[in-house]
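This report refers to the structure that appears directly beneath it.
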Amino acid sequence: MRKPVYIFNGGELQRQQNTLRFALADGSGKRFVPVETTSEIHVFGEVTVNTKLLVFLSQSHIPLHVYNYYGYWSGSYMPREQYVSGFMTLRQASHYLEHERRMELARIFVLGAIANMERVLGYYKRRGNDLSAALDGMSSRKIRLDEALTTDELMALEGGCRELYYKSWDSILKGEDFKFEKRTRRPPANRVNALVSFGNSLMYVTVLSEIHRTHLDPRIGYLHTTNQRRYTLNLDVAEIFKPIIVDRVIFALLNRGALKASDFRDATEGVFLTEKGKKTFLEAYETRLKETIKHPKLGRNVSYRRLIRMELYKLEKHLIGDETYTPFVSRW
């Protein structure tokens, strides 16, 4: 089974015959990475590449994702589309250009996001946290989704639910070193916000890599407006999975004490994870993606990463008129 490769050290990534070789910048060693077992490459360090390598990655259908100094996704080198078809792109475009069809899909993405936020809060409510007020407020907003006439109105309702959701985090998180207070971006103002930003960035890239393995075009989304932004469909689908993957990873790491205050650093630009903190988060994130649940329709265990791919297949069926799309909602 293929798995992601994460590079934190500085060095040079090269093609060597039919495999990949990473040479450390300080000359202390080399590492060989078989392409047969690599699904994607994530670069966090100062890494040099050349066109020979990029051509090889394209031939091997391996995306290369690049992150900036603070650990946030900067961009990707995506191989030539492996499965994208003109027919599916036209179907995506027609559903975007026809207002009612676009609103139908955008509403479904928001519904899935809110429902999974409710599942997360419900999980912790059953463990003794007083989260009834937030759940009631989210429920009242969710029933108004059908009244929204534009995607901006949908995003406003979703934003209201997410604000209630985030306000509940301090009831779930343990320890004085990790207070959420409120969501802040660019820059994240505290340690919990740094985790949310880092985790969400990973989720967007994970979904983008899975889209590359379907017939869908990542440039055409529905909830997020297709404009000068390079990709939008991954942002739509990520909304559904952020609560049950990213947020659950954050709660687990902080409440079990796996991340400490020393795993973060304060900078003039905000608060960010150290390299050690990033590695700890990535290990937990990959473990979460590998976790399996019993799929209600298939009757067998399916990993969370596979669930993302299946979500995209469901969207494909909706676009070609085979089956109305319904979002994945966690059962716990």
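Nothing in this text is a laboratory measurement; each read-out follows from the coordinates by a stated rule. No experiment lies behind these values; they were computed from the predicted model shown. Here the Cβ is made from the backbone with ideal geometry for all residues, glycine too, and neighbour counts use every protein chain on show.
Helices in the chain, meaning DSSP H runs of at least 4 residues, each add -39500 (n - 2.57). Divided by all residues, the mean residue ellipticity at 222 nm is -14500 deg cm²/dmol. Inter-label distance, Lys294 to Ser28: 4.8 nm, where each label sits 7 Å from its Cα along the C-beta direction. In the structure shown, the pairs Lys3/Lys30; Lys167/Lys294; Lys174/Lys276 are assessed against 23 Å; a Cα-Cα span above that value is assigned to Lys167/Lys294.
Checking a compactness column here: for the range 3-62, what do you get for Rg(Cα) / (2.2 N^0.38 Å), N being the number of residues?
Values: Rg = 10.6 Å, N = 60, 2.2 N^0.38 = 10.4 Å.
For the range 3-62, the normalised Cα radius of gyration is 1.02.
What percent antiparallel are the DSSP beta bridges of the chain, to the nearest 5? Once the DSSP bridges in the chain are tallied, antiparallel ones form about 70 percent. Once the convex hull of all Cα atoms in the range 1-111 is built, its volume per residue stands at 149 Å³.
A Gaussian network model of the chain, with springs between Cα atoms under 10 Å, assigns the largest mean-square fluctuation among Ala113, Ala189, Ala267 to Ala267.
For the chain, the alpha carbon convex hull comes to 148 Å³ per residue, rounded to a whole number. Panel note: the C-alpha atoms of the range 82-177, placed on their principal axes, show extents of 52, 36, 23 Å (largest first). Here the Gaussian network model covers the chain, with springs between Cα atoms less than 10 Å apart; of Ala284, Ala133, Ala238, Ala133 fluctuates the most.
Radius of gyration (Cα atoms) of the range 219-332, expressed as a multiple of 2.2 N^0.38 Å: 1.30. When you filter the GluC sites (Glu not before Pro) in the range 69-176 for DSSP loop state and at most 11 other Cβ atoms inside 10 Å of their Cβ, you are left with Glu98, Glu176. Near the amide H of Gln16, within less than 5 Å, lie the amide hydrogens of Arg21, all on another chain or at least 5 residues away, with H placed in the peptide plane. Summing Cβ point charges (Lys, Arg +1; Asp, Glu -1) relative to the Cα centre of the range 86-319 gives a dipole of roughly 800 debye.
To one decimal place, what orientation-averaged projected area in nm² is obtained for the convex hull of the Cα set of the range 124-228?
Numbers: hull surface 36.1 nm².
Computed as one quarter of the Cα hull surface, the answer is 9.0 nm².
Model label sites at Thr225 and Asn301, defined 7 Å from Cα along the beta-carbon direction, differ in position by 4.6 nm. Taking other C-beta atoms within 10 angstrom as a stand-in for reagent exposure, Met1, Met155, Met117 fall in the order Met1, Met155, Met117, fewest first. Under the combined filter of DSSP loop state and at most 12 neighbouring Cβ atoms within 10 Å, the range 1-74 retains these chymotrypsin sites (Phe, Trp or Tyr not before Pro): Tyr69.
Loop-located trypsin sites (Lys or Arg not before Pro) in the range 43-101 (DSSP state other than H, G, I, E, B) with a sparse environment of at most 14 neighbouring Cβ atoms within 10 Å: Arg80.
Note that the range 37-46 has calculated 3J(HN,Hα) couplings of 10, 10, 8, 6, 10, 10, 10, 9, x, 7 Hz, one per residue in order, obtained from phi through the Karplus relation 6.51 cos²θ - 1.76 cosθ + 1.60 (θ = phi - 60°); glycine and proline are x.
List the relative contact order of the range 115-255 as a percent without decimals, with contacts defined as Cα pairs under 8 Å and 6+ residues apart. Please list the in-between numbers first.
Numbers: 138 pairs, mean separation 31.6, N = 141.
Relative contact order comes out at 22 percent.
Per 0.36 nm of contour for each residue apart, how much would the distance between Asp177 and Ser132 grow if the chain were fully extended, relative to their Cα-Cα spacing? Present the calculation step by step, with values, prior to reporting the outcome.
Details: separation 45, 0.36 × 45 = 16.20 nm, distance 2.52 nm.
Extra length available between Asp177 and Ser132 comes to 13.7 nm.
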